[in-house]
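Data first, discussion second: the structure below is written as structure tokens.
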Amino acid sequence: MNAEWLSDFRKIPDEVMNYLRRLAVRAVEDQHQSPELIARIFGISRSCIYDWLR
């Protein structure tokens, strides 16, 4: 497996990225986690989480 995409979100395959988005949105909406916490866990910006929530 090529792990190069693990250090650059732009290189993550679409099907994996869609799965990560669903996990993040579910964590915020269903499990009532803060977007800031989820962004920190995923290693992405807080604004990215808010975009996904829209």
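Can you tell me which residue is nearest to the chain's Cα centre (by Cα) among those in segment 19-54 that are in a loop (DSSP other than H, G, I, E, B) and polar (S, T, N, Q)?
In this case the residue turns out to be SER45.
Do the conditions hold for GLU4, that is, is it assigned to a helix (DSSP H, G or I), of a type in the set (D, E, K, R) and either exposed (fewer than 10 other Cβ atoms within 10 Å of the Cβ) or touching a Leu at 6+ places or on another chain (Cβ under 8 Å) (or both)?
For GLU4, the condition - assigned to a helix (DSSP H, G or I), of a type in the set (D, E, K, R) and either exposed (fewer than 10 other Cβ atoms within 10 Å of the Cβ) or touching a Leu at 6+ places or on another chain (Cβ under 8 Å) (or both) - is met.
Quick note: the coordinates plus some simple rules give every number you see, no bench work behind them. Because the structure is a prediction, the values reported are computed rather than measured. Glycine also receives a Cβ, built like all others from the backbone with ideal geometry; neighbour counts cover every protein chain displayed.
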